[in-house]
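The structure appears below as structure tokens.
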Amino acid sequence: MPLALALYEPDIAQNAGTLARASACLGVGLHIIEPAGFPVGDAGFRRAGMDYLDRAAITRHASFAAFEAWRREEGRRLVLCTTRGASPYTRFAFAPEDILLLGRESAGVPEAVHGSADARIVIPLAEGTRSLNVALAGAMILGEALRQTGGFA
């Protein structure tokens, strides 16, 4: 069970497409928890994902409840990447079966989703800044998780 990324109700097609491309290039699955703020597969999504989308292992879930039922059945740990995280991602011990969950660009995730996470991690930022672009944050955290778990080819 390799690492996977999950996007909670993504707002911006280009960010989702960029993460789909990263998933394809790094050999990890991508889970899109709907509804998305764009038609999955629209022009912006395809432009950002380029020809890598055909290689990406993308699974769509109709809702967080459907995703959560699947995840629990699979016995996988949910690691929420959030500005309200308790642990810096560089100090967190990732496991090969982890699913890294990224929230909506506009609103993160609701409290119920926060409460479902097994762990909450954060990227430490310079004082006076709020957050990074979700695709950049996802790539940074995924890179560290792959490094720790020996997931790079």
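Bear in mind that the values in this text are calculations on the coordinates, not laboratory data. This structure is a prediction, so every number in the text was calculated from the model and none was measured. Neighbour counts are summed over all protein chains in view; Cβ atoms, including those assigned to glycine, are modelled from backbone coordinates with ideal geometry.
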Grab the Cα-Cα distance for S106 and T149, subtract it from 0.36 nm times how many residues apart they are, and report the gain in nm with one decimal.
-> 12.4 nm
Mind sorting R104, R21, R46 by how few other Cβ atoms lie within 10 Å of their own Cβ, fewest first?
-> R46, R104, R21
Cα centroid of region 83-146 to Cα centroid of region 10-37, whole Å | 15 Å
Relative exposure of D11, D51, D98, judged by other C-beta atoms within 10 Å (fewest first) = D51, D11, D98
Simple spin-label estimate for R72/H114, 7 Å along Cα→Cβ, in nm, reads 2.1 nm
